[in-house]
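Just below is one structure, and these are the notes that go with it.
Read-outs throughout are calculated quantities, based only on the coordinates presented, and are distinct from any laboratory measurement. Computed from a prediction, not measured in an experiment: that's the story for all the values here. When we count neighbours, we look across all protein chains shown, and the Cβ atoms used for this are built from the backbone with ideal geometry, even at glycine.
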Amino acid sequence: MKPIIGCVLLLTLLLTACLPTTPVTVPLPTPWLVTPNPNATLTPTPFRPAPAATPTLLTLPPAPAPTLPAATPVNVPLSQPSGVRPHYTFYVNLDYHTHQVAAQEVIQYPNQTGVPLERLVLSVQPNLWTGCFTLSSLTQNDRPLTATLDGQRMDVILPTPLQPGETITLAVGFQLNLPPKKFEGTFGFLGYQVNLTNWYPFVVPYDPAQGWILHDPWPFGEHLVYDAADFDLYLQLAEGSEDVIIAASSPGVAENGWTHYHLEGARTFALSASDQFKIAESALGAIPIRSYYFGKQGAGERLASAATQALAIFQARFGPYPYSSLSIVATESPDGQEFDGLVFLSEEFYEQYQGGIKNNLVSIGVHEIAHQWWFGLVGNDQALEPWLDEALATYSERVFYEYYDLTSWWWGFRVNYFSPAGWVDTNVYDGIAFRPYTNAVYLRGAKFMEALRLRIGDEAFFAFLQDYAGRYGRRRVAAADFFAVLHEHTSADVSDIVGAYFKHAP
């Protein structure tokens, strides 16, 4: 929902302003086409460079590495390289104190669907908040396009069909007037923090059999489905925001008055900003790991250390960590939430922390870190087949705790305490309520993974997971893909296990 540890790395900081919203069908006015070039003349834009703040970092000593299995990892090349993925470039100004964002976005979308596309469908999650999203421009080659914006869905009509193998480039201008953050979500602002999650328009996946995949929001669980994409974000903070620290999905580098963030093969790009962040920092080899927190220093430090251990364990068990850094960010919420290269955790976990790793702070933190493989690297339909990421992320907690001889404690604390029931393949819309849904998908899902492991043995089980992660890296899977790879790694009959845990056997 971590082999050998390096220490200190640098933190680079930041810079970023905005306005309102309207859902209508409009031919948009002729505006500007953004050139995704940091050396381009920036004076016509409303953005101003701001000096970067330099926070004091707390450097952790190397933590003792857990004893890892001697088995050689199965290194499978990632299946989807850059060049065939969408590419998003942003120039963003964030006014932290007024909660405004002004953005110019360039979307390069390659048609990999195999069929001609007469339109593109974009998800615009900020438009679900009244008065939050304003679309100011939408062009292709300086020519305005017609768009229908209705709730979270934007239909962009293309002048000519986009043929298979062709790439289209769109320029999108928009502003965000950020809403107060809801307790159960991450997007929006608190008095001491701004979170940008699912904050920009993006092209949703297209499946020739299903069409455009954009599910309805639901009170619990995730409803969005993403293609893997590459991201370049150029960020400035508005004047007066010099003390604001940015946590992001990738490290920031100062370039020509902007802070440049680059991320490849990810589902999302997320940011969190605060002028009150404390930072504990660690590293695994060349991967910087930063814990951004507000409360107890010991909790923030422990999380950085546990995250380092988790990355080491998961790399040995699942394959290489998919990104160049990891940010763990405290926020006001009931639980945790994963994004690529960045995860959120409830401030309550920090306040409750009493030491050690037998607690929600570490167990949920490890869960969200595991999502870097099961969600970020290997994508899935989070609404209709949520078990494909949630069951695996929950079971990854067990993989972490077994290296500390805490498996029995973990099963009691995280799973058996709730006496879970229900079908693992429950979707978010059939989940009844949050507790029955998580009991079925997360907790019974972990029991299903354990039953598989016991039936086929450790060697086959972890070879399967590494093959699965490598084969479907930067792609999306369905249940049939999971079981197809599983059956390549074992001749054991698992039909009784599947029948016991799944309502609809794949």
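Listing for the model above:
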item: Around Trp212: net Lys/Arg minus Asp/Glu count, Cβ-Cβ under 12 Å; result: -2
item: Segment 135-183 - Kirkwood radius from inverse mean 1/r over Cα pairs (Å); result: 13.0
item: Cβ-defined net charge surrounding Gln175, 14 Å radius [Lys, Arg +1; Asp, Glu -1]; result: -2
item: Least to most buried among Ile168, Ile432 (fewest other Cβ within 10 Å first); result: Ile432, Ile168
item: Cα Rg, Dmax (largest Cα-Cα span) when computed across segment 265-352, Å; result: 12.7, 37
item: Charge context of Glu351, other residues only, Cβ under 12 angstrom, K/R +1, D/E -1; result: -2
item: Residue order, fewest to most beta carbons within 10 Å, for Leu145, Leu94; result: Leu145, Leu94
item: Cα-based shape type of segment 393-496, given that a ≥ b ≥ c are square roots of the gyration tensor eigenvalues and the cut on a/c is 1.5; result: oblate
item: All lysines inside 21 Å of Lys503 as judged from Cα atoms, apart from same-chain residues fewer than 8 positions distant; result: Lys447
item: Candidate lysines - alpha carbon under 17 Å from Lys296, same-chain residues fewer than 8 apart omitted; result: Lys278, Lys358
item: Nearest-0.05 FRET efficiency for Glu348 and His97, computed from C-beta distance (R0 22 Å); result: 0.25
item: Cα gyration tensor category, rounded, prolate or oblate, for segment 386-443 with a/c compared to 1.5; result: oblate
item: Per-residue HN-Hα couplings for segment 360-368 [Karplus 6.51, -1.76, 1.60; θ = phi - 60°; Hz; x = Gly/Pro]; result: 5, 3, 7, 5, 6, x, 5, 4, 5
item: Added length on full extension, which subtracts the Cα-Cα distance from 0.36 nm per residue, Arg143 to Val253; result: 36.3 nm
item: Stretchable slack from Ala451 to Ala421, in nm (0.36 nm times residue separation minus alpha-carbon distance); result: 9.3 nm
item: Segment 102-183, Cα convex hull volume normalised per residue, Å³; result: 104
item: Residues Ile369, Ile245 arranged by fewest to most Cβ contacts within 10 Å; result: Ile245, Ile369
item: Whole-number D in µm²/s for segment 438-506 (Stokes-Einstein; Kirkwood sum over Cα pairs; 4 °C, 1.567 mPa s); result: 103
item: Chain lengthening between Trp409 and Gln276 when straightened (0.36 nm per residue, less Cα-Cα); result: 44.4 nm
